[in-house]
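The values are calculated or read from the model by the stated rules, or taken from the named source; none is laboratory data. In this text, all values refer to a predicted model and were calculated from it rather than measured experimentally. Glycine also receives a Cβ, built like all others from the backbone with ideal geometry; neighbour counts cover every protein chain displayed. Quick note on the areas: whole protein, heavy atoms, side chains included, nothing else; ligands and nucleic acids left out. Shrake-Rupley method; radii C 1.70, N 1.55, O 1.52, S 1.80 Å.
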Amino acid sequence: MFNSLSDRLTSTFKNLRSKGRLTESDVNKTVRDIRLALLDADVALPVVKEFTSAVRERALGAEVSQALNPGQQVVKIVNDELVDILGGETRTIRFAKSGPTVIMLAGLQGAGKTTLAGKLAYWLKEQGHTPMLVAADLQRPNAVTQLQVVGERAGVPVFAPEQGNVGGHDAVGPTGEGTRSFGDPVAVSRDGIREAVSKHHDVVIVDTAGRLAVDADLMAQAGQIREAINPDEVLFVIDAMIGQAAVETATAFLDGVDFTGVVLSKLDGDARGGAALSVAGVTGRPIMFASTGEGVKDFEVFHPDRMASRILD
Ligand code: GDP
């Protein structure tokens, strides 16, 4: 991921490094090259605009450091601005002061939420926490089983509605597909948290339903779950491979459910990835974690500074 963006930026800077002095036209040319590299990598236009104008302004400004030559200074400015659009400081879970920390997962179907639930639980367990998973994706019967498998792999208990013991109802999605929802995800989420309190789990991760595209029902359901469980964190999981649709999807979830952080999944893929990089810039929410494979350990805390260095390396 980000290889071609990285190559483009590196070659842009190669020409600069040898220059003893930068003219305004050098800066303009560099900014233009950066702009094209970002656009080609699928970074969203508003983010590109903000980014390039900040770089241009700072590069032409008077911040002259004796320690760096002009080319190195531009690289440093680009690095700083990249860290900024990626969310600035590293930020992970903020734990509740009392009671279990409730983490809700939201995102489109296939984004990687269920897989992430296992990874996050495993990561928390490694740090001495006692997480529990709650299966509140009742739109797809398989989702509950899938979370149970994920929980088993991570060695973490899963709270799920007992099938057959809950009143099912039919629902038809706007795309026309019939879905049989078995049980009420709001009630299951609430019961799951009650169970976590009684069993003294210190973190509860609630997996919610996704749809293939953003729709009003999905948002309404996620909003209701959010209201019922009052989560400490809502993590929006986004597939880094979805390209330009990332920004639109993220904005819809921000308006519909709101979220406190972003998880980029499938960063092991070979997509251009720039759209995913735009999500923090567009929503103002930090990228907290990255998913890099299907295994329970393919997961890392997202460090904006390290990612920027990796891209500019
Ligand atoms: P959900 O519908 O949001 O719960 O998504 P899932 O967790 O079911 O993931 C959808 C598919 O993507 C599954 O086949 C996962 O194995 C796969 N997947 C999830 N995360 C990653 C990742 O980081 N890298 C790769 N390569 N595949 C992933």
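What is the one condition in (1) surrounded by fewer than 18 Cβ atoms within 10 Å (Cβ to Cβ); (2) not in a helix (DSSP H, G or I) that residue 80 does not satisfy?
Residue 80 satisfies every listed condition except (2).
Of the residues in the stretch 183-207, how many are open to solvent by less than 60 Å² (accessible area, probe 1.4 Å), in a loop (DSSP other than H, G, I, E, B) and modelled with pLDDT under 95? First the steps, then the outcome.
Going through the stretch 183-207, the residues open to solvent by less than 60 Å² (accessible area, probe 1.4 Å) turn out to be 183, 185-189, 192-193, 195-196, 201-207.
Cutting the leftovers down to in a loop (DSSP other than H, G, I, E, B) gives us 183, 201-202.
If we keep only those that are modelled with pLDDT under 95 as well, we get 183.
Result for the stretch 183-207: 1.
Looking for whichever is over 30 Å from residue 14 (Cβ atoms) and either surrounded by fewer than 19 Cβ atoms within 10 Å (Cβ to Cβ) or away from the ligand (no atom under 12 Å from the Cβ) (or both) here; the options are 293, 281. Which one fits?
Numbers: 281 fails: over 30 Å from residue 14 (Cβ atoms).
Exactly one of 293, 281 is over 30 Å from residue 14 (Cβ atoms) and either surrounded by fewer than 19 Cβ atoms within 10 Å (Cβ to Cβ) or away from the ligand (no atom under 12 Å from the Cβ) (or both), namely 293.
Among the residues of the stretch 85-121, which ones are within 16 Å of the ligand (Cβ to nearest atom) and surrounded by fewer than 22 Cβ atoms within 10 Å (Cβ to Cβ)?
Restricting attention to the stretch 85-121, the residues satisfying the condition of being within 16 Å of the ligand (Cβ to nearest atom) are 103-121.
Matches in the stretch 85-121: 109, 110.
Just one of the numbered conditions (1) surrounded by fewer than 18 Cβ atoms within 10 Å (Cβ to Cβ); (2) modelled with pLDDT of 85 or more; (3) of a type in the set (A, V, I, L, M, F, W, C) is not true of residue 67; which one?
(2)
What number of residues in the stretch 85-125 are charged (D, E, K, R), out of contact with any helix residue (DSSP H, G or I) (no Cβ under 8 Å at 6 or more places or on another chain) and not in a loop (DSSP other than H, G, I, E, B)?
Filtering the stretch 85-125 for residues charged (D, E, K, R) gives 89, 91, 94, 97, 113, 119, 125.
Restricting the remaining residues to those that are out of contact with any helix residue (DSSP H, G or I) (no Cβ under 8 Å at 6 or more places or on another chain) gives 91, 94, 97, 113.
This time we only want the ones that are not in a loop (DSSP other than H, G, I, E, B), so: 113.
The qualifying residues number 1.
Within the stretch 208-283, which helices (runs of 4 or more DSSP H) (wholly inside it) include 3 or more residues that are farther than 29 Å from residue 141 by Cβ?
On the way: elements: 216-229, 245-256, 274-283.
Output list reads 245-256, 274-283.
Which members of the stretch 1-14 meet the condition of being free of Cβ contacts under 8 Å to residues at least 40 places away in the same chain and either surrounded by 13 or more Cβ atoms within 10 Å (Cβ to Cβ) or of a type in the set (S, T, N, Q) (or both)?
Taking the stretch 1-14 first, the residues free of Cβ contacts under 8 Å to residues at least 40 places away in the same chain are 7-8, 11-12, 14.
Answer for the stretch 1-14, where residues must be free of Cβ contacts under 8 Å to residues at least 40 places away in the same chain and either surrounded by 13 or more Cβ atoms within 10 Å (Cβ to Cβ) or of a type in the set (S, T, N, Q) (or both): 8, 11, 12.
Is it the case, given these coordinates, that residue 306 is open to solvent by 10 Å² or more (accessible area, probe 1.4 Å) and in contact with a helix residue (DSSP H, G or I) (Cβ under 8 Å, 6 or more places away or on another chain)? Walk me through it before giving the result.
Details: open to solvent by 10 Å² or more (accessible area, probe 1.4 Å): yes; in contact with a helix residue (DSSP H, G or I) (Cβ under 8 Å, 6 or more places away or on another chain): no.
So residue 306 fails the test.
From the list 35, 21, which one is in a loop (DSSP other than H, G, I, E, B) and among the basic types (Lys, Arg)?
On the way: 35 fails: in a loop (DSSP other than H, G, I, E, B).
Only one candidate passes the filter, namely 21.
For the stretch 259-278, give me each residue that is more than 15 Å from the ligand (Cβ to nearest atom), more than 13 Å from residue 82 (Cα to Cα) and crowded, with 22+ Cβ neighbours inside 10 Å. Outline the logic, then answer.
Quick first cut of the stretch 259-278, residues more than 15 Å from the ligand (Cβ to nearest atom) only: 260-261, 272, 274-275, 277-278.
Retained after the next criterion (residues that are more than 13 Å from residue 82 (Cα to Cα)): 260-261, 272, 275.
Selection gives 261, 275.
Would you call residue 51 modelled with pLDDT under 90 and of a type in the set (Phe, Trp, Tyr)? Please lay out each step first, then the result.
Values: modelled with pLDDT under 90: no; of a type in the set (Phe, Trp, Tyr): yes.
In short, no.
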